[in-house]
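Take a look at the structure below.
The values are calculated or read from the model by the stated rules, or taken from the named source; none is laboratory data. The shown structure was predicted, so the numbers you read here are calculated from the model rather than taken from an experiment. No Cβ is skipped: glycine too gets one built from the backbone with ideal geometry, and neighbour counts run over all protein chains shown. For the accessible areas, the whole protein counts, side chains as well, though only heavy atoms, and no ligand, DNA or RNA atoms are used. Shrake-Rupley method; radii C 1.70, N 1.55, O 1.52, S 1.80 Å.
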Amino acid sequence: DEIQALPHLGGDFFRAVSLAPGITANDVSAQFHVRGGRRDEAQVLLDGQELFEAYHLKDFDNALSFVSSSTLRRADLITGGFAAEFGDRMSGVLDMTTVTPSGSPRGHVGISSLNLEAGGSGGFADGRGAWLVELRRGTTDLVDKWLGNEDPSYADAYAKLEYRLNDRNSLRFHGLFSDDRFRYEELLEDESKQTDTRYRSAYFWVGHTAVLGDTLLVETALSRAGLD
């Protein structure tokens, strides 16, 4: 609720992050600086998985992120003194956790100034399992088709399945995909300029949590990430 109440473009949570103390970003980009560091010095995590270049519209200075704020339960922004478990970043950590649904299945559809979205979530197996799916598509290219111009298109999808094997063991399956396409041609008097770019990101990760005692918790993760 706090995230949704903050003023930010198109419901993009990353643009709300820039309103926090010690965080800055320019008017175009959703990628932020932490306490004067470079933008690539901040680590971005979603349910324990590091996201590399977690942004749409790379030809427009990473104008939007591909993490839907409607899937988030909480987000921790650490701007200094973070533990070694996060690793290989200098400035800060943005650690996001998605919701864990329960109860009967339910769905939603929505439209904002920049996105069309649809999703669903629910529980199963008497509350031992939960699932979540979110699909989004950018609307900028649809608007410009009506206006007769060219504009980028983008889409993303996120899915999660959790299942509790018993009181001490649980499994989690996650998938995240994004796709961007930009075509533009500019005709001048004696030459033409053409831009044709495409970006794709795909993440899949599996996690297992085991409670081995009152003071011992073991988490095991296997992930695969691909960026084109």
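Some notes on this structure:
- Relative to the current alpha-carbon distance between Thr195 and Ser70, full extension at 0.36 nm per residue lengthens the span by 41.7 nm.
- Largest-first principal axis extents of the Cα set of region 130-228 (Å): 75, 24, 17
- Note on volume of the Cα convex hull per residue in Å³: of the candidates (1) 149; (2) 132; (3) 114, the value calculated from this structure sits at (1).
- Accessible surface of the chain, 1.4 Å probe, proportion on carbon and sulfur as whole %: 53
- Between the listed residues Gly36, Thr71, Ala25, the Cα displaced farthest toward the positive end of the dipole of region 1-149, a dipole computed from Cβ unit charges relative to the Cα centre, is found at Thr71.
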